[in-house]
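Following: one structure in structure tokens, then a few remarks.
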Amino acid sequence: MHNAQEPQAATIGILGAGAMGTLFGTRLAQAGISVTLVDVNPELLHAIREHGVHCETDQGPLHARVQALQAHELTQPPARWLIFTKAAHTQAALQSIAHLLEPETLLLSLQNGIGHIETLHGFADARRIAVGVTTWPARLLGPGKVSSLGSGKIRFMPRTGQVDVGFQDFCDDLNRAGLHCEIDPEVETAIWEKLAFNAAFNGLCGVTRQTVDGLASPLGRGLIHEVLNEVVAVAAASGIAVDAPRIQATVEDALNHHVGHQPSLLQDLLAGRPTETDSIHGAVVRAAERHGIATPMTRTLHRLISLTQQRTP
């Protein structure tokens, strides 16, 4: 369906106004880039319209004003979208903006886990889709308010393997916002390295109710390594040559600098929300089964978190 009004090329739409959407929205808007946050929660959107978005950082607080709407309220469609919904909600979220997607609309997913990429291809051509990872930490403090202590980066690659001017501009704008973005042909490796990191930190922090730095002990490090080793083995069997020393360096950086940070899965458990364990731990276990690899730690984390979710009111 063609819209009466042309897409706003300079605008970035952010699908999902949770912790990551709020963090990115604040930083992009602070850099003078027009941002529209789109979510299904009208109370959340109202709070953002009233009070703006806020981000606590190591360098001090950031504050910005952004547009905040439900999908059906948007009349001028952004030409570029950042996808930050939970993996399980990807289909419904993209369906809600399907009427806004023009032939040249760009979609960039920085979602956790694996399995959502196929869903994106149901809504756009490969040349308009890019997927990647981000290591930026974000903890939701309230509607439109996040804490992001420490630093991070973004790595993504268009699905065609070719970089056109649209995605290069997208990368440049993310860098203007200080988000340390690079276009990386090895992004599939980065996705599996982030998956290993998330399987360890989200799983162990979720089960133990520890913040990231709470795992900075010999016992915590030992458990982290057990999970990492399982995911690295599954990645290798899947034809992905991950860099184990690079993952370890990322782990040490998180243990040392993400002090007090609650990974998103722990935040969800504490708030009584469904978690992403199925697209993280469940995805690893299913891939492992296809290759005949045992993943006892990852499987146990998945089962424990799934059991905890069932008991959460």
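Working ranking of peptides 135-144, 63-72 by packing, defined as the average number of other Cβ atoms within 10 Å per residue, highest first, is 135-144, 63-72.
Run the helix sum for the chain: -39,500 (n - 2.57) per DSSP H stretch of 4+ residues, divided by residue count, reported at 222 nm to the nearest 500 deg cm²/dmol. So the calculated ellipticity at 222 nm is -13500 deg cm²/dmol. Here the 3J(HN,Hα) profile of region 36-41, calculated from phi with Karplus coefficients 6.51, -1.76 and 1.60 at θ = phi - 60°, is 10, 8, 10, 8, 8, 8 Hz, Gly and Pro shown as x.
The 3J(HN,Hα) values that the Karplus relation (6.51, -1.76, 1.60; θ = phi - 60°) gives for region 140-147 are, in residue order, 6, 9, x, x, x, 10, 9, 10 Hz. Gly and Pro appear as x.
Look at the dipole of the chain built from charges on Cβ: of 260, 210, 283, the Cα furthest out on the positive end belongs to 210.
In summary, the helical segments of the chain meeting the span-like criteria, namely a full DSSP H run, a Cα extent along the axis of 15 angstrom or more and a mean Kyte-Doolittle hydropathy of at least -1.0, are 19-30, 165-176, 187-208, 218-237, 244-257, 296-311. Each residue, residue 180 and residue 91, gets one label point 7 Å from its Cα in the Cβ direction; the gap between the two is 3.6 nm.
Calculate one ³J(HN,Hα) per residue across region 72-89 by plugging θ = phi - 60° into the Karplus curve 6.51 cos²θ - 1.76 cosθ + 1.60, and present them in order as whole Hz with x for glycine and proline. Listing the rounded values in order: 6, 8, 6, 10, 9, x, x, 7, 9, 10, 9, 9, 10, 6, 5, 3, 5, 9 Hz.
Across region 36-185, the fraction of Cα-Cα pairs farther apart than 18 Å, rounded to a whole number, is 61%. Taken along the Cα-to-beta-carbon direction at a fixed 7 Å, the label points for residue 70 and residue 219 span 4.8 nm. Listed by Cβ neighbour count within 10 Å, with the fewest neighbours leading, 257, 291 appear as 291, 257. Comparing Cα centroids, region 120-139 and region 28-73 end up 20 angstrom apart.
Compactness check for the chain: Cα Rg over 2.2 N^0.38 Å is 0.96.
Using only side-chain charges placed at the Cβ, +1 for Lys and Arg and -1 for Asp and Glu, the dipole size of region 188-311 relative to its Cα centre rounds to 380 debye. Overall, the anisotropy analysis places region 188-311 in the oblate class: the square-rooted eigenvalues a ≥ b ≥ c of its C-alpha gyration tensor yield a/c not less than 1.5, with a/b not exceeding b/c. Among 229, 300, 54, which residue has its Cα positioned farthest towards the positive end of the charge dipole of the chain, with +1 placed on the Cβ of Lys and Arg, -1 on the Cβ of Asp and Glu, and the dipole taken about the Cα centre? Farthest towards the positive end: 300.
Since every read-out is calculated from the coordinates, none of them should be taken as a lab result. What you see is a predicted model, and the numbers here were worked out from it, not measured in a lab. Using ideal geometry, Cβ is built from the backbone for each residue, glycine included, and neighbour counts are taken over all protein chains shown.
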